[in-house]
Amino acid sequence: MRDESEKKDFELHSIRNLLGINQTELPFLDKLNASEILELKNQFLTSMQDGQREIFVTIAKVSRYMPNFLNAKVSQDILGPQITANLSYFMTPKEAIGIASYFPTSFFADVIEYLIPEKTSEMISLTPFEQMKKAVFELVKRGNFFVIGSIMDYTPIEFVDKMARSLTSPDHLIHITFNCRDKGRVLKLFENFGETKVLEVITAGLRPDLFTEMKVIYEHADESLVQFTKETIEKHNPELNESFLQLLRPGL
């Protein structure tokens, strides 16, 4: 039941992000289950892309005869981030990233906000880490943790590990992990972070403002991580024991 609720919340957030609407708009969406929302989202995406397929194919062909710096300028000044994101699906990942390498960080982050996470894995793997890190930090500044979490679901795990280690705020790591659909995948990295970082994250996560998100995250933790966290708390800050045990209790 909890998994179904999480899936529905994720798909609701996903389709609202795609449509650029807030929680008060299209209230009928709340009456649908996770599978129905996913089907509606996929139908919308298919319609949007197929309806403009000829245009996108033509633009993609023309772009191959233009230098990447000029394609980047056309994308930013004329096409805009949403069309640029959709156009990327009609290019090879190498072509798309070649153009994106000339984007200013702010515009690259704008484009990422419109990307379909399921189609981004190869493009992200080809993106220079520093460029992607700057874009993620820009999205953090905007508070768009949902987009970051969604993208991380389809990002090569080595990239996710490197990105997680580059985050200096444990709050941000918690928000991003909470917004990943596959939280267990990210949690497998936690033990490798070492005691210091895990202690920072769990200390932040036990604060009242982050407790609910941290509780949802640790519902996906395996016994090994739970035990590692317990031992880390006991060793470095035993005062957190009771709060952590409360975090692990079901139904709270």
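The values are calculated or read from the model by the stated rules, or taken from the named source; none is laboratory data. This is a predicted model, so every value here is computed, not measured. Virtual Cβ from ideal backbone geometry, glycine too; neighbours counted across all protein chains shown. Protein only, heavy atoms only, side chains kept; ligands, DNA and RNA dropped before computing areas. Shrake-Rupley method; radii C 1.70, N 1.55, O 1.52, S 1.80 Å.
Looking at Met163, Met132, Met152, just one residue is touching a Cys at 6+ places or on another chain (Cβ under 6 Å) and not hydroxyl-bearing (Ser, Thr, Tyr), and that residue is Met152.
When residues of segment 214-225 are filtered for being open to solvent by less than 30 Å² (accessible area, probe 1.4 Å), within 21 Å of Asn192 (Cβ to Cβ) and in contact (Cβ under 8 Å) with a residue 40 or more places away in the chain, how many remain?
Just the residues of segment 214-225 that are open to solvent by less than 30 Å² (accessible area, probe 1.4 Å), to begin with: 214-218, 221, 225.
Next, only the ones that are within 21 Å of Asn192 (Cβ to Cβ) stay: 214, 217-218, 221, 225.
Checking which are in contact (Cβ under 8 Å) with a residue 40 or more places away in the chain leaves us with 214, 217.
The total comes to 2.
If you check Phe228, Phe244, which single one turns out to be open to solvent by less than 10 Å² (accessible area, probe 1.4 Å) and under 24 Å from Arg181 (Cα atoms)?
Details: Phe228 fails: open to solvent by less than 10 Å² (accessible area, probe 1.4 Å).
The conditions single out Phe244.
In this structure, does Ser150 turn out to be of a type outside the set (Lys, Arg) and in contact (Cβ under 8 Å) with a residue 60 or more places away in the chain?
Yes; evaluated as a whole, the condition is true for this residue.
If you filter segment 34-66 down to residues that are open to solvent by 60 Å² or more (accessible area, probe 1.4 Å) and not in a helix (DSSP H, G or I), you find that the one that is modelled with the lowest pLDDT is Gln52. Within segment 152-184, being in contact with a helix residue (DSSP H, G or I) (Cβ under 8 Å, 6 or more places away or on another chain), closer than 17 Å to Glu213 by Cβ and of a type in the set (D, E, K, R) holds for Asp153, Asp171, Arg181, Lys183.
Out of Phe28, Phe69, I need the residue that is modelled with pLDDT under 85 and either open to solvent by 70 Å² or more (accessible area, probe 1.4 Å) or within 25 Å of Val140 (Cβ to Cβ) (or both). Which one?
On the way: Phe69 fails: modelled with pLDDT under 85.
Within the list Phe28, Phe69, the selection yields Phe28.
The set of residues in segment 121-156 being of a type in the set (Val, Ile, Thr) and either modelled with pLDDT under 90 or within 18 Å of Ala85 (Cα to Cα) (or both) consists of Ile124, Thr127, Val136, Val147, Ile148, Ile151, Thr155. Please indicate, with yes or no, whether at least one residue in segment 159-174 is among the polar types (S, T, N, Q) and under 20 Å from Ser106 (Cβ atoms). Yes, some residue in segment 159-174 is among the polar types (S, T, N, Q) and under 20 Å from Ser106 (Cβ atoms).
Restricting the search to helices (runs of 4 or more DSSP H) fully inside segment 76-146 and requiring at least 2 residues that are among the charged types (D, E, K, R) and over 17 Å from the mean Cα position of the chain (by Cα) gives 93-100. The sole residue among Thr196, Thr155, Thr177 that is in a helix (DSSP H, G or I), open to solvent by less than 40 Å² (accessible area, probe 1.4 Å) and among the polar types (S, T, N, Q) is Thr177.
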